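Working notes for the structure below.
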Amino acid sequence: MKKICINNRDEMIILFVDNIAYIMADGNYTKICYIGGLSTVLSLGISKIEAMLSQAYPKGTTSPFIRLGRSVIINQMFLYDINVLKQHLVLSDCLKNSVTLKLPKPLLKKYKDMVNRSSSTTLKK
């Protein structure tokens, strides 16, 4: 299991990378949300967190994290549903945990098209 250790003056936070569902920017702060519901807020910008995530994966391996717009990074391993009309993106571990994000239609449409292009087993109605 990949871990990132963030140490500041008063505390140390260990991020369990494989369990992160999404990361959301809030000004100079970043909210890390796990698929199980636990969340933490860091006093780091989303770009710094994104750089730490990319360093957690060795060269030649693909990170499951993708940045959607300026303020959201999702873990594609938990991708369950993209609904452009309802503006919902659902992340789930297919057991008991799921998270629904409300995101802008253009962002969801662009991401859905990208997933469609990269998926080799897409079923069309």
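Quick one: in the stretch 82-93, of everything that is out of contact with any Ser or Thr (no Cβ under 8 Å at 6 or more places or on another chain) and free of Cβ contacts under 8 Å to residues at least 24 places away in the same chain, which residue is surrounded by the fewest Cβ atoms within 10 Å (Cβ to Cβ)? In this case the residue turns out to be Leu85. One residue stands out in the stretch 27-49 among those that are of a type outside the set (Gly, Ala, Ser) and in contact (Cβ under 8 Å) with a residue 24 or more places away in the chain: the one that is farthest from Lys96 (Cα to Cα), namely Leu44. Kindly list, by first and then second residue, each pair from a residue in the stretch 104-125 that is farther than 15 Å from Asn83 by Cα and part of a helix (DSSP H, G or I) to a residue that is at pLDDT below 90 and acidic (Asp, Glu), limited to pairs with Cβ atoms under 8 Å and residues at least 6 apart or on different chains. Qualifying pairs under 8 Å: none. The single condition among (1) buried (at least 16 other Cβ atoms within 10 Å of the Cβ); (2) touching a strand residue (DSSP E or B) at 6+ places or on another chain (Cβ under 9 Å); (3) modelled with pLDDT of 95 or more; (4) closer than 25 Å to Lys110 by Cβ that Leu53 does not meet is (3).
The values are calculated or read from the model by the stated rules, or taken from the named source; none is laboratory data. It should be emphasised that the depicted structure is a prediction, and the values quoted were computed from it without experimental measurement. Quick reminder, even Gly has a Cβ in these numbers, built from the backbone with ideal geometry, and neighbours come from all protein chains shown.
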